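What follows draws every value from the coordinates through simple rules; no lab data is involved. Model, not experiment: these values are computed from the prediction. Don't worry about glycine lacking a Cβ; one is built from the backbone with ideal geometry, like all the others, and counts go over all protein chains shown.
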Number of protein chains: 2
Amino acid sequence: MMKYIILRNRPEGKPSLKDFGTKETEKPQPGEGEILLKALYVSVDPYLRGRMRDEKSYIPPFKLNEPMESMVVPEVEDSKNENFSKGDFVSGMLDWQEYQVSDGKGLNKINKDIAPLSAYLGILGLTGITAYLGLEKIGKLKEGETLLVSGAAGAVGSIVGQIGKIKKCKVVGIAGSDEKIKKITKVFKFDEGINYKTTDNIKEEIKKACPNGVDVYFDNVGGEMLDAAILNMNKFGRVVNCGAISLYNSKEKPTGLRLEPFLIKKSILMQGFTVRDYAEDFQPAIKQLSKWLKEDKLQYEETIVEGFEKIPQAFLDLFEGKNQGKMVVKV
Amino acid sequence: MMKYIILRNRPEGKPSLKDFGTKETEKPQPGEGEILLKALYVSVDPYLRGRMRDEKSYIPPFKLNEPMESMVVPEVEDSKNENFSKGDFVSGMLDWQEYQVSDGKGLNKINKDIAPLSAYLGILGLTGITAYLGLEKIGKLKEGETLLVSGAAGAVGSIVGQIGKIKKCKVVGIAGSDEKIKKITKVFKFDEGINYKTTDNIKEEIKKACPNGVDVYFDNVGGEMLDAAILNMNKFGRVVNCGAISLYNSKEKPTGLRLEPFLIKKSILMQGFTVRDYAEDFQPAIKQLSKWLKEDKLQYEETIVEGFEKIPQAFLDLFEGKNQGKMVVKV
């Protein structure tokens, strides 16, 4: 027998444990061309909240009473597929089940000699890939430019800033506490940090920290910080619109400064970035991130919770800020 | 003696005649390597409003009490430069003066057998080049897509829509009178037109006119029409931010819907477009536009005002929508 975790209710407002259920069923057997996977590490991420809603979106919503899914690192326990061998480690978008079968499509083999398996859900997973490809595909960051990052102490933001330093850029981060500012400058080696909670003129703070103007703004928060960044941008500046967490909880339609006159004046590009749009670029991204990791050029943090049945609680803890860096469940 | 037109005041809000002045001075004489130019046609354009402000920008602001400038088609009246002969027609960024000398740099010779001289300020000038390169470089319009254009009856907008039809796209235009709507659908062959002045729900009108959603929005106006367009865009939609005439004369910093959540949700690109950034692409653009013009695939309109001293009034009339197509002053 084996356990799996289902969505029981679609929560209104904040989710709670009663919205999830743990069930048991027979351990599945792989058919011809299939492999049997045993889950080792499961990623929990804020964006999964969106899929708990019954809304039309580009990622379909979770179905009630069926297993939820996220990025998982399993071991291949049995293989009837010539591309995989027993003992292989892989990563992929998989169900919250202790065991499952797969035809292997969409799975990537991973190498635990490069980094611990859990890293493939963080710095070598969608988190790191988002930072890397956001900067590559939209930011097009060049050596010597000035990079501004919001949500700078977060899982994505902290990698963005470190990549900026690898590319020999001036890197300035925005975050919401002195502790976080200390972390981004001391641990992640950003050049400067701005605590937006202790200034009433974020635009001026950015100007002071970026005397040559901002060339690339990697935005995880949206809202007033985006306005302040745009007002400090150089000609041909680029904004990677990766997240807008400052607006996600507002009930009214949020309003703010009209940005199009500034886009025109400075030939600025703003583009929404969703990492799933770039699936064909994941392998080169992972390769580059692995190389930097081996060279000790990237630092990362993770919070590892133990126990398959702890997945729902770990997910809920994300919204209480109980994690430091990437939140992962070890099965 | 000859006349020239200066900027007398920097207007707050809407400019008026008192912000301009007409002066007289000696007719200049060309030195060695120089040519004497006699202005024949002068372009007036909304973007000049921006240069009346004393703001740091990529194009420097006009100086008080000095001649304003724009694209001008002059005749070479005297030449001490081996590259030009008396009787040549050229186009270039030149002062608002009846006569001026030039070293010839930045001037293009033009051929009046291909199109009338005034067309080199419109469809074969920056207007046509803006439409063509905006769609090529930022819009990346593909056959079968849906193209939405604001300021659709204007000089740039009417060319944008016609290029969309040449590229076999569905083309919908937004304009401010039934007469203009009739023109874009009958003369310029847009598929549909929306009169924004007779609807109180522009978003719904766009939805009705674009049942497959909007792939490219060529924006000449900014503001609420931009919001409505974004709300109707498809995944991977592109916005060419070419103008924001609805905001240029506002005194306050204009506000509106925050757009970044929509950019993220649909992976939308917005980019400020200034034709001057693409100077190396002007010649191929003019070549393509001339070809289409000869093949009778492009129609254009112009409003020609006569008299050098009418330049300021012609410029002011742009903001009242008094022009049909490209506004040009015949000296």
> If you bin every alpha carbon distance in segment A:241-304 into 10 Å steps from zero, what whole percent lands in each bin?
Replying inline: 14, 25, 32, 24, 5
>> Net charge around B:Glu302, counting only other residues with Cβ within less than 12 Å of its Cβ (Lys, Arg = +1; Asp, Glu = -1)?
In response: +1
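At 0.890 mPa s and 25 °C, plugging the Kirkwood radius over alpha-carbon pairs of the protein assembly as shown into Stokes-Einstein gives what diffusion coefficient in µm²/s? Mind showing how you got there, number by number?
Values: Rh = 27.8 Å.
Reported coefficient: 88 µm²/s.
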> Any number yet on Rg/Rh for segment B:1-118, C-alpha, Kirkwood?
Replying inline: 1.00
> Using only helices, what value at 222 nm comes out for chain B when you add -39,500 (n - 2.57) per DSSP H run of length 4 or more and divide by the total residues, to the nearest 500 deg cm²/dmol?
Replying inline: -6500 deg cm²/dmol
> Along Cα→Cβ at 7 Å, what distances in nm separate the A:Ile59 label point from those on the other copies, shortest first?
Replying inline: 4.4
> Between A:Glu26 and A:Lys291, what length comes free when the chain is fully extended (0.36 nm per residue of separation minus the Cα-Cα distance, one decimal in nm)?
Replying inline: 91.3 nm
> Going by how many other beta carbons lie within 10 Å of each one, how would you line up A:Phe315, B:Phe262, fewest first?
Replying inline: B:Phe262, A:Phe315
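Please state the relative contact order of chain B as a whole percent: Cα pairs under 8 Å, 6+ residues apart? Don't skip to the answer; put the middle values down first.
Details: 712 pairs, mean separation 59.0, N = 331.
Computed over chain B, the figure is 18 percent.
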>> Taking 8 Å as the Cα distance limit and 6 or more residues as the minimum spacing, I'd like the relative contact order of segment A:126-276 as a percentage.
In response: 23 percent
>> Please return the longest range in chain A lying between exposed loop sites, taking GluC sites (Glu not before Pro), DSSP loop only, at most 15 other beta-carbon atoms within 10 Å, and leaving the sites out.
In response: A:144-251
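Work out the FRET efficiency for A:Lys189 and A:Lys235 from their Cβ-Cβ distance, taking R0 = 30 Å, and round it to the nearest 0.05. Provide the component values of the computation, followed by the final result.
Working: r = 28 Å, r/R0 = 0.94.
Using R0 = 30 Å, I get an efficiency of 0.60.
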> Say each of B:Glu143 and B:Ser177 gets a label point 7 Å from the Cα, pointing the same way as Cα to Cβ; how far apart are those two points in nm?
Replying inline: 3.8 nm
>> Whole percent per 10 Å bin, from 0 to the bin with the longest distance: what is P(r) over all C-alpha pairs of segment A:126-276?
In response: 12, 47, 35, 6, 0
> Gain in length, B:Gln299 to B:Lys208, computed as 0.36 nm per residue apart minus the alpha-carbon separation, to one decimal in nm?
Replying inline: 30.1 nm
> What is the extension gain from A:Met93 to A:Lys38, computed as 0.36 nm multiplied by their sequence separation minus the C-alpha to C-alpha distance, in nm to one decimal?
Replying inline: 18.4 nm
> Assuming a viscosity of 0.890 mPa s and a temperature of 25 °C, what translational diffusion coefficient in µm² per second does Stokes-Einstein assign to segment B:195-331, Rh being the Kirkwood radius over Cα pairs?
Replying inline: 138 µm²/s
> Along the three principal axes, how long is chain A when you take its alpha carbons, biggest first, rounded to the nearest angstrom?
Replying inline: 62, 44, 35
> How many nm separate the modelled label positions at A:Ser85 and B:Ile59, each set 7 Å beyond the Cα in the direction of the Cβ?
Replying inline: 6.6 nm
> What residue among A:Leu64, A:Gln97, A:Gly87 has its Cα farthest toward the positive end of the dipole of segment A:46-103, where the charges are +1 on Lys, Arg and -1 on Asp, Glu, each on the Cβ?
Replying inline: A:Leu64
>> Can you tally the net charge around B:Ile35? Count Lys and Arg as +1, Asp and Glu as -1, for every other residue whose Cβ sits under 12 Å from the Cβ of B:Ile35.
In response: -3
> Which value in Å is the Kirkwood Rh of segment B:112-174 over different Cα pairs?
Replying inline: 11.9 Å
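So which chymotrypsin sites (Phe, Trp or Tyr not before Pro) in segment A:28-66 pass both tests, a DSSP loop state and at most 14 other Cβ atoms within 10 Å of the Cβ? Intermediate results must be reported in sequence, preceding the final value.
Details: sites: A:Tyr41, A:Tyr47, A:Tyr58, A:Phe62; in loops: A:Tyr47, A:Tyr58, A:Phe62.
For chymotrypsin sites (Phe, Trp or Tyr not before Pro) across segment A:28-66 that sit outside H, G, I, E and B with at most 14 neighbouring Cβ atoms in 10 Å, the list reads A:Tyr47, A:Tyr58.
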> What is the spin-label model distance, in nm, from B:Met1 to B:Lys14 if the labels are put 7 Å beyond Cα along the C-beta direction?
Replying inline: 3.3 nm
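For segment A:169-239, count all C-alpha to C-alpha pairs, find those more than 20 Å apart, and express that count as a whole percent of the total.
22 percent
Between beta-carbons, use under 10 Å as the cut-off and find the net charge around B:Ile163, counting Lys and Arg +1, Asp and Glu -1.
Values: positive: B:Lys165, B:Lys167, B:Lys297; negative: B:Glu136.
So the surrounding residues net to +2.
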>> Spelling out what I want: for every residue of segment B:19-33, take phi, set θ = phi - 60°, compute 6.51 cos²θ - 1.76 cosθ + 1.60 (Karplus), and round to whole Hz; glycine and proline get x.
In response: 7, 10, x, 10, 10, 10, 8, 5, 5, x, 10, x, x, 4, x
